[in-house]
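Notes follow the structure.
The values are calculated or read from the model by the stated rules, or taken from the named source; none is laboratory data. This one's a predicted model, so the numbers in the text were calculated from it and none came from an experiment. In this analysis, Cβ positions are derived from the backbone assuming ideal geometry, glycine residues included, and neighbour counts consider all displayed protein chains.
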Amino acid sequence: MYLTLDEERALEGEYGETVRKSMEILVALGKIYSADRLIEVESVQISGISYRNIGDPGIEWLESLNARVRVPTLINPAGMDIHRWQDMGITEEFARKQMRILNALKKIGAKPELTCTPYYILKPSKGDHLAWSESSAVIYANSVIGARTNREGGPSAIASALTGKTPRYGMHIRENRAPDVIVDVNLKLKSHEYSLLGYMIGEEVGDRIPLFIMKGRPSEEDMKSLGAGLASTGGIPMFHVKDVTPESNEFDMPKERMVVENLENPQGCEDPDLIAIGCPHLSGRELKKISNLLNRKVKKELWIFTSRYVRNRIPEVIRKIEMSGARVYTDTCMVVSPATERFGCVMVNSGKALCYLPKLSGLRVKFGSLEECVEEAMK
Amino acid sequence: MILRGRVLVKGVAEGEAVVSRKRISFLGDIDPETGEVTDRNSDISGESVSGKILVFPGGRGSTVGSYIIYRMKKNSTAPLAIINDVSEPIIAVGAVIAEIPLMDSLRDDSGKRVDPSSVISSGDHVHVNSNEGWLNIER
């Protein structure tokens, strides 16, 4: 692997021990994936920062870091809302450990924007190289925006933040972004069904990049849900939607073809005690839609997840939602927070939540549209 | 016997080998407080990797495994060096942050690729030079 003189110096330790190790991580990954060199990244998103996932060993490593980020760096959702954790039923012990993780990240210069939708804040462009971590953000950046990022692990994303570089392999190379299989969707999908489609065919698609041929034109939010579902049950960092996503017409049509004729609505339970919306984090447009649907008080717990950045830009909408008794949480999400564990049956409109809530929190899950979720909460 | 390998993390170590033919997840398969392999399905179940040259095909499972390797180093329960057939990011990142020498893709003196779990046996004395990219196996 070719390194510039400056990269060699970093690897020799000239910029300190933390930068040396960061460079060593990037070079080791570059060797494993046969990268020819390092390239510069525009931004970084760091995952693996919920105390529930990384525990004390993760804290120890993060607190050992002694360098500053070179590019804009955001963070994936943590295990709790950093202001309203008590409200969520998070223990003080957990909150203390979670704050140690966030403080260590702040110390290296990461922005305390904890979200799985960094594209609403950083707004990357087509062709930009990134080092993002969260699977749904990675698949959105590659597919819907046409930016280029592999799915980084926590330490490799931090290594990229502290050096501004990533090894050139995988999704950074044009040929690797070509579709492998056509997925003909013979159905007109409603919004929440894009999420279900992703959830249902992720496993079948496996590590092949699909090119969807759709009956209708999905919105950006529909593709956000589709990608999140796909990335949760499958392993892919990219999809194309013919004539919709920016690179969908840049490659030859694949020979392999799958057809989707119907979608089954999986029902794990009937009577939810929590309704959770916002996996991935909601856009301003989605929050406005929810505020319009909430025309009376909620009778069940309704938790809504977005980024602090989006929340702070639409205070009136948020006030109206919370007047109904629903809660709008930021910095966290239903998948990484232990707060949902005390419930039995959760209703969601997210294929990603459908995949992870039973696995990570032992919950049963009911699936429905956004409208059905809000209606259930007010019933 | 001397083998050459690809250096992923530099360093030098010498000690007794413990060899598995199965992939290892440091999250769940190994107790980081003692270094003992606790996975009952492992072919080295009950053995300790602490202070040994750990040889196995490659990593699997959660990326948290990288942090577990780091914790083992802090606890003084980590292996002295790791030899993989083909390494992957979880092990490689863990070895970098824990400063544990790591090599993979071994070749014999004719240049032929060899599987480290076949040519190295538990109990062999192994000298790992991951600065220069070779290891010496003594029986």
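Looking across region A:326-345, just one residue is within 18 Å of A:Pro112 (Cβ to Cβ) and of a type in the set (D, E, K, R), and that is A:Asp331. Consider region A:296-308 and keep the residues that are surrounded by 19 or more Cβ atoms within 10 Å (Cβ to Cβ) and not small (Gly, Ala, Ser). The one that is farthest from A:Arg364 (Cα to Cα) is A:Arg308. Taken over region A:296-322, the criterion of being over 17 Å from the mean Cα position of the chain (by Cα), touching a residue at least 12 places away in the same chain (Cβ under 8 Å) and under 21 Å from A:Met378 (Cα atoms) is satisfied by A:Arg296, A:Lys297, A:Val298, A:Lys299, A:Lys300, A:Glu301, A:Leu302, A:Trp303, A:Val317, A:Ile318, A:Lys320, A:Ile321. The residues listed here are A:Glu93, A:Glu24; of these, the one that is more than 22 Å from the chain's Cα centre (by Cα) and surrounded by 23 or more Cβ atoms within 10 Å (Cβ to Cβ) is A:Glu24.
Okay, residues lined up against (1) farther than 24 Å from A:Gly30 by Cβ; (2) under 13 Å from the mean Cα position of the chain (by Cα); (3) hydroxyl-bearing (Ser, Thr, Tyr):
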residue: B:Lys22; (1), (2), (3): yes, yes, no
residue: B:Thr34; (1), (2), (3): yes, no, yes
residue: B:Asp39; (1), (2), (3): yes, no, no
residue: B:Phe56; (1), (2), (3): no, yes, no
residue: B:Tyr67; (1), (2), (3): no, no, yes
residue: B:Ile82; (1), (2), (3): no, yes, no
residue: B:Glu88; (1), (2), (3): no, yes, no
residue: B:Gly94; (1), (2), (3): no, yes, no
residue: B:Asp104; (1), (2), (3): no, yes, no
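Within region B:108-118, one or more residues are crowded, with 23+ Cβ neighbours inside 10 Å and either within 13 Å of chain A (Cβ to nearest Cβ) or touching a residue at least 40 places away in the same chain (Cβ under 8 Å) (or both). From the list B:Glu36, B:Glu16, B:Glu99, the one residue that fits, being within 27 Å of A:Glu63 (Cα to Cα), more than 9 Å from chain A (Cβ to nearest Cβ), surrounded by fewer than 19 Cβ atoms within 10 Å (Cβ to Cβ) and modelled with pLDDT of 95 or more, is B:Glu36. Determine, yes or no, whether A:Glu42 is away from every other protein chain (no Cβ under 14 Å), within 14 Å of A:Thr166 (Cα to Cα) and either acidic (Asp, Glu) or part of a helix (DSSP H, G or I) (or both). The answer is yes for A:Glu42.
Could you tell me whether A:Glu113 is in contact (Cβ under 8 Å) with a residue 60 or more places away in the chain, more than 30 Å from A:Glu256 (Cα to Cα), surrounded by fewer than 24 Cβ atoms within 10 Å (Cβ to Cβ) and out of contact with any Ser or Thr (no Cβ under 6 Å at 6 or more places or on another chain)? Yes; evaluated as a whole, the condition is true for this residue. What are the pairs with Cβ atoms under 9 angstrom where one residue, in region B:48-75, is without any contact (Cβ under 8 Å) to a residue 60 or more places away in the chain and the other, located anywhere, is outside any helix (DSSP H, G or I) and basic (Lys, Arg)? Sequence gap at least six, or different chains. Listed pairs, sorted by first residue: B:Gly58/B:Arg23; B:Gly59/B:Arg23; B:Arg60/B:Lys22; B:Arg60/B:Arg23; B:Gly61/B:Arg23.
When you check A:Val183 against the structure, is it more than 22 Å from A:Val69 (Cβ to Cβ) and within 17 Å of the chain's Cα centre (by Cα), yes or no? Here the answer is no, as A:Val183 does not meet what is asked. Residues that are surrounded by fewer than 22 Cβ atoms within 10 Å (Cβ to Cβ) and not small (Gly, Ala, Ser) were ranked within region A:322-339; the one that is nearest to A:Arg84 (Cα to Cα) is A:Arg327. Determine whether region A:219-240 contains at least one residue that is free of Cβ contacts under 8 Å to residues at least 12 places away in the same chain and outside any strand (DSSP E or B). No, region A:219-240 contains no residue that is free of Cβ contacts under 8 Å to residues at least 12 places away in the same chain and outside any strand (DSSP E or B). Only residues that are out of contact with any strand residue (DSSP E or B) (no Cβ under 9 Å at 6 or more places or on another chain), surrounded by fewer than 18 Cβ atoms within 10 Å (Cβ to Cβ) and either away from chain B (no Cβ under 14 Å) or aliphatic (A, V, I, L, M) (or both) were counted across region A:66-90, and they come to 4. The residue of region A:136-165 that is surrounded by the most Cβ atoms within 10 Å (Cβ to Cβ), among those that are out of contact with any Phe, Trp or Tyr (no Cβ under 8 Å at 6 or more places or on another chain) and of a type in the set (Ser, Thr, Tyr), is A:Ser160.
Tell me which of these A:Val27 doesn't satisfy, since it passes every other one: (1) at the interface with chain B (Cβ under 9 Å from one of its Cβ atoms); (2) modelled with pLDDT under 95; (3) assigned to a helix (DSSP H, G or I). Checking A:Val27 against (1) at the interface with chain B (Cβ under 9 Å from one of its Cβ atoms); (2) modelled with pLDDT under 95; (3) assigned to a helix (DSSP H, G or I), the one that fails is (2).
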